[in-house]
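What follows is a set of notes on a single structure, which appears directly below.
The values are calculated or read from the model by the stated rules, or taken from the named source; none is laboratory data. The model shown is predicted, which means the values in this text are computed figures rather than measured ones. Neighbour counts are summed over all protein chains in view; Cβ atoms, including those assigned to glycine, are modelled from backbone coordinates with ideal geometry. Accessible surface is based on the protein model in full, side chains and every heavy atom, while ligands, DNA and RNA are left aside. Shrake-Rupley method; radii C 1.70, N 1.55, O 1.52, S 1.80 Å.
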Amino acid sequence: MKKIVTEEFKLYASRVFPFAVILIFIPLISYLTWVVSPAKEMEIVIVDKTVPTDSYQEHQSIFWALEYLKFKNKEGKFYDKRQDYYGFFPDHSPSYGTSRDLRELSEKEIVEKAASLDILYFADTYGVYEDDFKEIDSEERSKKIYGGLNRGDINLLVEAAAQNKTIIAEFNTMASPTSAGIRAEFENLMGLKWTGWIARYFDEMDTTVNKDIPDWFISEYVEQHSGTWVPAGPGIAFVHENGRVEAFSNGRDYNGETPKIRTQKINQHGFKLPEIVPYPEWFDIVLIERDYQVISYYDIDPSEMGKQQLRDMGLPRYFPAAVMKDTGKGQFYYLSGDFSDMRNSTGSPHFKGLPMLWRGFHIVTDYTDRESFYWNYFYPLLSQILTKTYKEKHAE
C-alpha cells in the first residue's frame with residue numbers, strides 16, 4: 001500500500017505552508033479579531049463642503065478610522081462616508097449637486113443636535129467650484145457653487161462648545177470663502193486667529209517643468225515682484241487673503257526641502273507621534289491663545305534671509321500644526337493642514353493591526369507618498385483623539 005503522505009508532498013507542503021500562513025491564516029486571524037472586538041457608541045457630526053466627486057477625498061480617511069476603531073452611531077450602525085455628513089453631495093444635475101446644510105435646522109434642532117453629539121468635526125469648508133466639474137482648468141479662480149463656514153455651522157459650534165463637546169477643525173475652516181464676520185465669531189470662540197496666510201510646498205518652481213503651480217499664483221507673483229520669478233528647484237508658496245503672494249526658495253530662504261511637522265517626544269497630553277514628518281500640502285498659519293497646548297508645529301528651517309522675510313510678512317519662526325485646549329469636559333483641536341485629504345482608497349477597515357502593517361510599508365520620510373502621511377501621522381493622531389474622547393465620555 002502506497003504512502004498517502006509522500007516525501008514529495010511533505011517537501012511541497014513545507015514550502016507552501018509559510019505562504020499559506022501569510023496569505024490566509026494571518027489575515028483570517030486579523031479579521032476575526034476585528035469582528036469579535038466590541039463596538040463603541042459615539043455620536044459624531046462631520047461637516048465637509050468640499051465634495052466635488054464621489055471619491056469623498058476630504059473625509060473618507062476619517063470614516064475609515066471610525067469603522068476600524070468600531071465607533072458606531074446611536075442607531076448601532078457604522079458611519080457611511082456617502083451620506084453621514086453635512087455638506088455637498090455631487091450628482092450629474094445642471095446644479096452639479098445638492099447640499100445638506102446646518103442652516104436648515106431650527107434653533108431647537110441645533111440645541112438637540114449639540115446635546116446628542118460627542119464630536120463636532122469640520123473636515124473641510126472650502127467648498128466646490130465650477131472648475132471642479134470641468135475637464136479644463138481656467139487660469140482664473142472659478143465661481144463658487146457652495147462653501148464657506150456659515151451661520152448654521154456657527155450656531156452648532158456655539159451650542160456644542162457651551163455643552164463641553166469635543167470640537168475638531170482642519171485647515172481652511174475659517175479661511176476663504178468664509179465671510180469676515182463668521183470668521184471672527186469662529187476665531188473668538190475657538191481662541192484662534194488666522195494670519196491671512198496659507199502656504200504649500202512645490203518640489204519644482206520651474207514653471208516649464210511643474211504644471212501644478214496655479215497660473216494665478218504665477219501671474220500675481222510676477223506682477224508683484226517687478227517681473228521676476230523664483231529660482232528653479234524646491235520652494236514654498238505663500239498666499240495672503242489680501243492678494244499678496246510670496247515664495248521661498250530652497251537653499252536661499254529656507255533649508256531642508258519640505259516643511260516639517262515636528263512633535264516633541266514628551267508632550268503634555270501624551271500624544272505618541274513621529275518626531276519629524278515632512279508635509280508638502282496646503283496649510284494655514286494661525287496664532288493661538290496661551291491656553292492652547294501645541295501637539296505639533298511646522299518648521300520650514302528658514303535661513304537668516306528667510307527669517308527676515310517672515311518678519312516682513314508678520315509671521316513667527318514656527319507655525320502651529322496641531323493644537324488643543326481643554327474646555328472642562330471637552331476639548332478644542334485645530335489641525336492647520338489638509339490632514340484628512342486622502343486621494344487613494346484605504347481599503348477595508350475590517351482587519352485588526354492594519355495601521356501598524358501599513359506604517360511598515362510606507363516610509364515616514366517619503367513626502368511624495370500621501371498614504372505615508374496618513375498612516376504615520378494623521379491616523380495615529382486621529383485615533384488617539386477619538387479614543388481619548390470616548391474614554392472621557394464613559395468616565396463620567
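Numbers at a glance
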{"item": "Number of the condition not met by GLN331 [criteria: (1) surrounded by 17 or more Cβ atoms within 10 Å (Cβ to Cβ); (2) out of contact with any strand residue (DSSP E or B) (no Cβ under 9 Å at 6 or more places or on another chain)]", "result": "(2)"}
{"item": "Test for GLU75: is it open to solvent by 60 Å² or more (accessible area, probe 1.4 Å) and not in a loop (DSSP other than H, G, I, E, B)", "result": "no"}
{"item": "Subset of the range 96-106 (residues that are open to solvent by less than 40 Å² (accessible area, probe 1.4 Å) and assigned to a strand (DSSP E or B))", "result": "GLY97"}
{"item": "Filtered residues of the range 241-261 (kept if in a strand (DSSP E or B) and either of a type in the set (S, T, N, Q) or touching a Lys or Arg at 6+ places or on another chain (Cβ under 9 Å) (or both))", "result": "SER249, ASN250"}
{"item": "Flag for LEU66 being modelled with pLDDT of 95 or more, hydrophobic (A, V, I, L, M, F, W, C), open to solvent by less than 30 Å² (accessible area, probe 1.4 Å) and in contact with a Gly (Cβ under 6 Å, 6 or more places away or on another chain)", "result": "no"}
{"item": "Any hit, the range 238-248, residues being under 19 Å from the mean Cα position of the chain (by Cα) and in contact (Cβ under 8 Å) with a residue 12 or more places away in the chain", "result": "no"}
{"item": "Some residue of the range 87-95 being open to solvent by 20 Å² or more (accessible area, probe 1.4 Å) and either within 16 Å of the chain's Cα centre (by Cα) or of a type in the set (Ser, Thr, Tyr) (or both)", "result": "yes"}
{"item": "Pairs where the first residue, in the range 306-322, is modelled with pLDDT of 95 or more and the second is open to solvent by less than 60 Å² (accessible area, probe 1.4 Å) and part of a loop (DSSP other than H, G, I, E, B), C-beta under 7 Å, 6+ apart", "result": "GLY306/ASP253; GLN309/ASP253; PHE319/SER336; PRO320/SER336; ALA321/SER336; ALA321/GLY337"}
{"item": "Number of positions in the range 75-99 that are under 26 Å from LEU335 (Cβ atoms) and of a type in the set (D, E, K, R)", "result": "4"}
{"item": "Test: residue in the range 318-332 that is assigned to a loop (DSSP other than H, G, I, E, B) and of a type in the set (D, E, K, R)", "result": "yes"}
{"item": "Which listed residue, of TRP229, TRP216, TRP197, is more than 30 Å from LEU156 (Cα to Cα) and outside any loop (DSSP other than H, G, I, E, B)", "result": "TRP216"}
{"item": "Meets criteria (more than 25 Å from ASP284 (Cα to Cα) and open to solvent by less than 20 Å² (accessible area, probe 1.4 Å)) for ALA123", "result": "no"}
{"item": "Any hit, the range 107-120, residues being without any contact (Cβ under 8 Å) to a residue 60 or more places away in the chain and part of a loop (DSSP other than H, G, I, E, B)", "result": "no"}
{"item": "Among residues of the range 271-314, those that are among the acidic types (Asp, Glu), under 15 Å from the mean Cα position of the chain (by Cα) and open to solvent by 10 Å² or more (accessible area, probe 1.4 Å), counted", "result": "1"}
{"item": "Every pair of residues 6+ apart whose Cβ atoms lie under 8 Å, when the first sits in the range 367-393 and is under 24 Å from TRP282 (Cβ atoms) and among the charged types (D, E, K, R) while the second is open to solvent by 10 Å² or more (accessible area, probe 1.4 Å) and assigned to a helix (DSSP H, G or I)", "result": "GLU371/TRP358"}
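Per-residue answers, yes or no, for (1) under 18 Å from GLU67 (Cα atoms); (2) among the charged types (D, E, K, R); (3) not in a strand (DSSP E or B):
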| residue | (1), (2), (3) |
| --- | --- |
| TYR334 | no, no, no |
| ASP338 | no, yes, yes |
| LYS352 | yes, yes, yes |
| ILE363 | no, no, yes |
| THR368 | no, no, yes |
| SER372 | no, no, yes |
| PRO380 | yes, no, yes |
| LYS388 | yes, yes, yes |
